[in-house]
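Every number in this text was worked out from the coordinates using simple rules, so none of it is lab data. In this text, all values refer to a predicted model and were calculated from it rather than measured experimentally. In this analysis, Cβ positions are derived from the backbone assuming ideal geometry, glycine residues included, and neighbour counts consider all displayed protein chains.
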Amino acid sequence: MFTFIECSRAALISIKAHGLRSLLTTLGIIIGVASVIATVSIVQGLSFNINQQFEGLGSNSLSIYSYTSFDDQLRGRFGRITDRDLQLVSTRVSGIESITPILSSRFNSPVRKGARSTYGRVIGTSETYREVNQLFIEQGRFLSDSDNQSRRRVCVIGVSVRDGLSLPENPVGEYIEINNEWFKVIGLAEAKGEMLGLQQDDIVLLPYNSMQRLNGNPAELDIQIQLTVQNLDDMPKVSEQVQQLLRKSHNIEGDDDDFKIQSAEQLRDSISQITAAVTLVMGGIVSISLLVGGIGIMNIMLVSVTERTREIGICKAIGAKRHVILLQFLLESLLLCLLGGLVGLLIGYAAGAGIAAMIPDFPPAYVSLWAVALSFGFSALVGLVFGIAPAAKAANLDPIDALRYE
Amino acid sequence: MSLISLVDIYKHYEMGQETVRALDGVSLDIAANEYIAFTGASGSGKSTLMNILGALDKPGSGDYLLNGHNVAHLNQDQLAEVRNRDIGFIFQNFNLLPRLTALANVMQPLIYRSLPLRAREQAARIVLERVGLEKRMHHLPNQLSGGQRQRVAIARALVTRPSLLLADEPTGNLDSATTRDIMQLFDELHREGNTIVMVTHEPDIARHCRRVVRMQDGKISEQYWN
């Protein structure tokens, strides 16, 4: 321990004595660690943010939507989910808490109010939409079963639609024009913000049947079904039941279903897989720069040993044993790398935070402890591995030759 | 019993085809508190003898008893310990550590003895005062004159209280006035009880010593007492 402290002291003196050279030597490590930290902090910030958003989505929901493979598209066969499927699923599958159809618009016209128009996602759905999507009503009321039965021309809108059309703060009672028909606003949905950069407040919800009429041509009906399960543990079982049922009703015999069942959990998993992969690839690329930095350190340490041959000789003459010299040089390269790691950490974090702040709507950078530990550990490893050769060279110098060295 | 006993020391080097007989059967006893000079032309083997006496080098054959212990066959780390404990080196070109202050240079050997910082500093201050450098302790070597540097080197040699002070041409890089001062210091150190072994080719320096050993072709050719 005594030797360790004394050798660290000597190593620090030496690093300080060659300030500029030490800095340049560690530049490789600094850049390496800085890029690791910057990359990881940005990606981690993103995935942290995504995870948080998913918390709000309700992880006990499943969506079922049609899927047409490329082969089938070429053959002109399109998979569909229909009212009949909705009926089947809601009556024959057990463990469902609530279920709702989602009918997307087949027209592209904007939502209008007088001369103003705005983009709105027009969706036809039922009153259970609210439970499945955890949607809360701020003003007025939500769609009801009787709205649906009597195909009333009413709608519930999101805040960005209200703002886009310059409707009053409380838009209930106003009329808006959707695909050339007038609808009365009966409710305003509470603001949800964005998710994954997608606006969630631009919805215009109509009664399912009213929407069907707007879309026209019921033969080509294709809906999405969203449902929530009573018990999260039953999710795979429910998903399995739905799949069996729909395969039977669609007369599917091969392996390829003409529909997909996706849970929020799955979506989150696939996104975290993507971010993990990105982190890994970027981490791999920048660890190469750490390796290069390590070689730079070894190079300078070898030069330093040669340059200080005489000093090493002096130390040996006055009684330094081999392991003392070895430890001193090893610690010097270790300290160089750790200092480089520290500087790199700060720069990397600043860069990550800076980049995240510069991109609008980007989540803040987030440095996880493991990234810090890993890059520090890697720097230390680089210092040790690339310090061994120079330190061994120094330790094995013959004192007489070293003293005679010019 | 003598402090140092060299028995039949041989040291041969292979230089290409030729064998250089650097030391060719040297036997010598040195008692405690002796003041002894080795002289001789270059290539006479005095430097090799010095290296062996200083435990920097091992003899090819023969025995070297230092304080009654045979150090001729120790390994590198054991030799380092002997150097730290028993030998105080003073070199022609001072060999101070350039980035350390005078004080830190003098403290350096005590690090290898695992002495705590405060004890090291105390011991170093005492010897620096002894060599008259109490005012220059915090200067770096390149801020000191040649004579001062050699005094730092002497202080560094003294700080471990070695059995033997080993000086290799200690005045070789100094002007004549400084040489006189340094030699006076050596004389004083001898009177205080230190054993001093010096290598020199200057007759004036050798005259300070009580005993002069002349080397030639790896052998002791002549010895006399002043």
- Footprinting exposure proxy for A:Lys16, A:Lys237 (fewest neighbouring C-beta atoms within 10 Å first): A:Lys16, A:Lys237
- Nitroxide proxy distance, nm - points 7 Å out along Cα→Cβ at A:Leu27 and B:Asp8: 6.3 nm
- Note on the structure: To the nearest 0.05, the calculated FRET efficiency linking B:His69 and A:Leu280 through their beta-carbon distance, R0 being 41 Å, is 0.10
- Task: Hey, can you grab everything whose amide H is under 5 Å from the amide H of B:Ala72? Only 5+ residues off in sequence or another chain; H modelled, so Pro and N-termini drop out.
- Result: B:Tyr64
- Relative contact order of chain A, defined on C-alpha pairs under 8 angstrom at six or more residues apart (%): 31 percent
- Rough spin-label spacing in nm, given labels placed 7 Å along Cα→Cβ, for B:His138 and A:Gln149: 9.7 nm
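Rounded to the nearest 500, what is the 222 nm mean residue ellipticity of chain B from helices alone, with -39500 (n - 2.57) per DSSP H run of 4+ residues and division by all residues?
Values: 7 runs with 78 residues, N = 226.
Here the helix-only value at 222 nm equals -10500 deg cm²/dmol.
Figure the gain on full extension for A:Gln230 and A:His323 (residue separation times 0.36 nm, minus the Cα-Cα span) and round it to one decimal in nm.
26.7 nm
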- Note on the structure: As straight-line cross-link partners of A:Lys192, the qualifying lysines (C-alpha separation under 29 Å, not fewer than 8 residues apart within one chain) are A:Lys113, A:Lys184, A:Lys260
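Need the full-extension length gain, A:Asn51 to A:Asp401, defined as separation in residues times 0.36 nm minus the C-alpha distance. One decimal, nm.
Using 0.36 nm per residue and subtracting the Cα-Cα distance, I get 119.6 nm.
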- Alpha carbon centroid spacing (whole Å) that separates segment A:78-95 from segment B:15-69: 103 Å
- Item | Distant-in-sequence amide H partners of A:Ser263 (H built 1.01 Å from N, under 5 Å) | A:Ser63
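On a full-extension model of 0.36 nm per residue, what is the gain between B:Asp217 and B:Ala119, subtracting their alpha-carbon distance, rounded to one decimal in nm?
On the way: separation 98, 0.36 × 98 = 35.28 nm, distance 4.55 nm.
Taking 0.36 nm per residue and subtracting the Cα distance, the gain is 30.7 nm.
Apply 1/(1 + (r/R0)^6) to the Cβ-Cβ distance of A:Glu174 and A:Ala373, taking R0 = 56 Å, and write down the FRET efficiency to the nearest 0.05. Provide the component values of the computation, followed by the final result.
On the way: r = 57 Å, r/R0 = 1.01.
Computed FRET efficiency for A:Glu174 and A:Ala373 comes out at 0.50.
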- Cross-link partners of B:Lys219 among aspartates and glutamates (Cα-Cα below 17 Å; sequence separation of 8 or more within a chain): B:Asp8, B:Asp24, B:Asp29, B:Asp63
- Task: Just grab the label-to-label distance for A:Lys248 and A:Thr3, each label 7 Å out from Cα along the Cβ direction, in nm (one decimal).
- Result: 7.8 nm
- Query: Among the lysines, which fall within straight-line cross-link reach of A:Lys316, defined as a Cα-Cα distance under 23 Å, with same-chain neighbours fewer than 8 residues apart omitted?
  - Reply: A:Lys16, A:Lys393, B:Lys11, B:Lys46, B:Lys58
- Please work out the FRET efficiency for the pair A:Glu240 and B:Asp77, using the Cβ-Cβ distance as r and a Förster radius of 45 Å; give the result to the nearest 0.05. 0.05
- chain B: relative contact order in percent, alpha carbon pairs under 8 Å with at least 6 residues between: 29 percent
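List the DSSP H helices in chain A whose Cα atoms stretch 15 Å or more along the helix axis and whose mean Kyte-Doolittle hydropathy is at least -0.5. Walk me through the numbers on the way to the answer.
Working: long enough: A:2-17 (23 Å, 1.04); A:19-57 (54 Å, 1.10); A:235-249 (21 Å, -0.77); A:264-307 (63 Å, 1.21); A:322-358 (53 Å, 1.74); A:369-395 (37 Å, 1.70).
Once both thresholds are applied, what remains is A:2-17, A:19-57, A:264-307, A:322-358, A:369-395.
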- Could you state the number of Å between the C-alpha centres of segment A:119-174 and segment B:205-226? 114 Å
